Amino acid sequence: MELSKFKYPVEQVGVVEDFYREIFFEKEYDRYGSKVEPGDVVIDFGAFVGMFSHFALTKGAKHVYAVEGEKSHYECLEANTRDFQNITAYHGWVSDRRNGEVNPGLYNVERIMDENNLATVDYLKMDIEGHEFTSLINMSDETMRRVRKWGIEVHLNWSEDRTCWEKTGVDFDGHRASKLLHVMERFTRNGFSLAYEHIHKGYDIVMLYAWK
């Protein structure tokens, strides 16, 4: 979909233009082995106004499940996707809650899979402003393996925040790379290939790609 056709909060025109360029022209989520392919089932966590969801359709995605928590962004996401039967929009936040702990406003990979009878997901895009660490650290190995390809925006400045290790309740030691290295090790242990790229020079943000 052309940029001029997207609805978005007018005060965020600069952000929208940047995101559109990064997704459609710089191919931020279309690198290495982490690419949307024809027939893929896709999850878009941190969907904003739906740009990546539409990009996934241009790559031949079968269906996209898009989750956005910010109300004004979700309203635009819903408006930008309502005419597309192969995009399902959810208003809610991405959480590390396990099955059985469902809150109507919280979504995780398992909930999207369970509610839509999905055995696997082909591609998961994650841009959730630092909360990627909690979601990935507390995700089970089984769930991680049910997703074939990942494109994750990683906020290094959030890697210093206190986040609990899975099941132990022990906090990280505060080293800025410890959470990221732990996540990368988990992907490797679960059979994924990895690529790490500092795409946005001058920002404390990197991209992590995983695929198998």
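Just for region 109-142: of the residues that are surrounded by 18 or more Cβ atoms within 10 Å (Cβ to Cβ) and of a type in the set (Ser, Thr, Tyr), which one is farthest from Tyr65 (Cα to Cα)?
Only one residue tops the list, namely Thr134.
Could you please find all residues in region 143-153 being within 17 Å of Ser193 (Cβ to Cβ) and surrounded by 19 or more Cβ atoms within 10 Å (Cβ to Cβ)?
Met144, Val147, Arg148, Lys149, Trp150, Gly151, Ile152
What are the pairs with Cβ atoms under 8 angstrom where one residue, in region 49-74, is open to solvent by less than 30 Å² (accessible area, probe 1.4 Å) and the other, located anywhere, is part of a strand (DSSP E or B) and among the polar types (S, T, N, Q)? Sequence gap at least six, or different chains.
Val64/Thr88; Tyr65/Thr88; Ala66/Thr88
Please tell me if Phe84 is touching a residue at least 24 places away in the same chain (Cβ under 8 Å), under 13 Å from Val42 (Cβ atoms) and either open to solvent by less than 50 Å² (accessible area, probe 1.4 Å) or assigned to a helix (DSSP H, G or I) (or both). If you could, list the steps in order and put the result at the bottom.
On the way: touching a residue at least 24 places away in the same chain (Cβ under 8 Å): yes; under 13 Å from Val42 (Cβ atoms): yes; either open to solvent by less than 50 Å² (accessible area, probe 1.4 Å) or assigned to a helix (DSSP H, G or I) (or both): no.
No.
Among the residues in region 34-47, are any of a type in the set (S, T, N, Q), open to solvent by less than 60 Å² (accessible area, probe 1.4 Å) and either under 24 Å from Leu194 (Cα atoms) or modelled with pLDDT under 95 (or both)?
If we filter region 34-47 for residues that are of a type in the set (S, T, N, Q), which is where we start, we get 34.
Going one step further and asking which of them are open to solvent by less than 60 Å² (accessible area, probe 1.4 Å), we end up with 34.
Adding the requirement that they be either under 24 Å from Leu194 (Cα atoms) or modelled with pLDDT under 95 (or both) leaves 34.
Within region 34-47 (the criterion being of a type in the set (S, T, N, Q), open to solvent by less than 60 Å² (accessible area, probe 1.4 Å) and either under 24 Å from Leu194 (Cα atoms) or modelled with pLDDT under 95 (or both)), the answer is yes, since at least one residue qualifies.
Of all residues in region 129-153, how many are at pLDDT below 90 and touching a strand residue (DSSP E or B) at 6+ places or on another chain (Cβ under 9 Å)?
The qualifying residues number 10.
Do any residues in region 1-26 that are closer than 17 Å to Ile205 by Cα have Cβ atoms under 7 Å from those of residues that are among the hydrophobic types (A, V, I, L, M, F, W, C), where the two are at least six apart or on different chains, and which pairs are they?
Listed pairs, sorted by first residue: Phe19/Phe48; Phe19/Met51; Ile23/Met51; Ile23/Phe52; Ile23/Phe55.
Using the structure shown, decide if Lys27 is basic (Lys, Arg), within 18 Å of the chain's Cα centre (by Cα) and within 14 Å of Asp122 (Cβ to Cβ). Spell out how you get there, then give the answer.
Values: basic (Lys, Arg): yes; within 18 Å of the chain's Cα centre (by Cα): yes; within 14 Å of Asp122 (Cβ to Cβ): no.
The answer is no for Lys27.
The values are calculated or read from the model by the stated rules, or taken from the named source; none is laboratory data. Nothing here was measured: the structure is a model prediction, and the numbers come from that model. Here the Cβ is made from the backbone with ideal geometry for all residues, glycine too, and neighbour counts use every protein chain on show. Calculation scope for accessible area: heavy atoms of the full protein, side chains included, ligands and nucleic acids excluded. Shrake-Rupley method; radii C 1.70, N 1.55, O 1.52, S 1.80 Å.
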